[in-house]
Amino acid sequence: MPSETLWEIAKAEVEERRSGGSEGDGVEIGEKSVFFIGSKNGGKTTIILRCLDRDEPPKPTLALEYTYGRRAKGHNIPKDIAHFWELGGGTSLLDLISIPITSDTLRTFSIVLVLDLSKPNDLWPTMENLLQATKLNVDKVIMKLGKKNSKAASEMRQKMWSNMQKDHPDRELIDPFPIPLVIIGSKYDIFQDFDSEKRKVICKTLRFVAHYYGASLMFTSKSEALLLKIRGVINQLAFGINKSKSICVDQNKPLFITAGLDSLSQIGSPPLPDNDIGKFHARSPMDLWKKVYEKLFPPKSINTLKDVKDPAQDPQYAESEVDEMRIQKDQTVKNLPAMQQT
């Protein structure tokens with residue numbers, strides 16, 4: 001009779017991998033999670049499929065979807081595992097953000113925010129709603145983690161600043177996101193045909209937001225060269241491979257700015273005449289940039305920004321056979337009392 005069960009052997013292997021993680025903060029466990037959020041139909045699924053080398057057409061994301069990838073570190077060495085989560089529906093399903101964010105996964109968790117550059121009027125509210133909801137959930141989990149493991153929570157708070165050099169002039173002026181964040185502007189092929197002043201405003205605004213949150217910022221499209229660069233960034237989040245230190249801040253080219261390499265002095269002030277800036281009553285620099293951006297790109301009404309709350313009512317997920325069966329079932333239930341009376 002064996003002395004150990006299969007589950008005990010598996011548990012011992014996981015514990016061994018955790019204790020034998022990489023150098024440094026001691027939390028490398030061979031598994032990482034990457035959570036994709038962002039604009040509806042913004043290209044999140046396409047990016048994930050490209051990173052996983054899956055040659056298949058992307059399908060509309062229904063609510064919250066999960067997949068995974070594995071990467072070999074060497075011969076006879078267990079493969080690293082990356083968990084990929086994707087939130088569908090733009091900003092309509094914020095309640096689902098809490099599902100993949102747990103105290104068990106948070107220390108190796110990253111956020112990828114994909115924003116549709118071809119829809120500048122939706123850009124700020126999409127970005128703001130998703131980041132606020134995500135940060136709220138992350139803060140709750142960190143607080144919960146701190147009660148059980150204060151050292152781990154402390155390490156996470158310190159790690160927030162790891163992308164910013166200690167002598168960076170903006171250290172006192174930014175507020176890093178509590179976990180690694182990458183902002184991707186998609187559909188650059190459409191965006192590059194915008195008027196140059198519009199491109200300037202969008203580029204400067206996204207640079208400020210990314211820098212303020214200690215995030216990386218990059219633009220992509222269907223171009224194979226750009227997708228390869230994005231794949232490299234995602235692989236770094238998912239498997240810890242070759243962190244890039246590239247930078248391109250030219251608004252006439254696809255932006256590519258690794259976290260910590262930008263600065264407020266290079267970004268400049270919000271794109272308005274100096275005599276107009278004083279007319280904006282803002283509570284913070286972020287609020288000022290928001291007001292300036294939304295003056296130039298007014299957001300659509302709340303009703304048009306909100307997607308259908310119930311995915312079952314969303315036309316894009318309609319399936320005629322299933323819908324017909326549902327109607328028949330509803331009719332049967334409706335007629336049930338009358339049938340019972342007879």
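The values are calculated or read from the model by the stated rules, or taken from the named source; none is laboratory data. Just so it is clear, the model here is predicted, and its values are computed rather than measured. Counting neighbours? That spans all protein chains shown, and the Cβs are built from the backbone with ideal geometry, glycine included. We work out accessible area using only protein heavy atoms, side chains counted, and drop any ligands, DNA or RNA first. Shrake-Rupley method; radii C 1.70, N 1.55, O 1.52, S 1.80 Å.
Tabulated data
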quantity: Cα centroid separation - the stretch 219-271 against the stretch 87-165, whole Å; calculated: 20
quantity: Å² of accessible area per residue within the stretch 177-229, as computed with a 1.4 Å probe and no ligands counted; calculated: 36
quantity: Accessible surface of Asp193 - all protein chains present, 1.4 Å probe, nearest 10 Å²; calculated: 120
quantity: 20 Å tail of the calculated P(r), the stretch 182-254, as % of Cα pairs; calculated: 30
quantity: Cross-link table Lys44/Lys229; Lys135/Lys290; Lys229/Lys291; Lys200/Lys290, entries beyond 26 Å C-alpha to C-alpha; calculated: Lys229/Lys291
quantity: Carbon plus sulfur fraction of accessible area for the stretch 180-225, probe 1.4 Å, in percent; calculated: 47
quantity: Charge dipole (debye, nearest 20) of the stretch 112-171; +1 at Cβ of Lys and Arg, -1 at Cβ of Asp and Glu; calculated: 540
quantity: Förster radius 22 Å - calculated FRET efficiency between Lys300 and Gln132 (Cβ-Cβ, nearest 0.05); calculated: 0.75
quantity: Built amide H within the under 5 Å cut-off of Ser92, gap 5+; calculated: Asp307
quantity: Inter-label distance for Asp167 and Phe194, nm, one decimal - labels placed 7 Å from Cα along Cα-to-Cβ; calculated: 3.6
quantity: Spin-label zone in the stretch 254-274 - amide nitrogen under 18 Å from a point set 7 Å from the Cα of Lys291 along the C-beta vector; calculated: 269-274
quantity: With every protein chain in place, the stretch 78-161: carbon and sulfur % of accessible area (1.4 Å); calculated: 53
quantity: Accessible-area value, Arg50, 1.4 Å probe, nucleic acids and ligands omitted, Å²; calculated: 50
quantity: Contour minus Cα-Cα distance for Ser284 and Asp175 (0.36 nm per residue); calculated: 38.1 nm
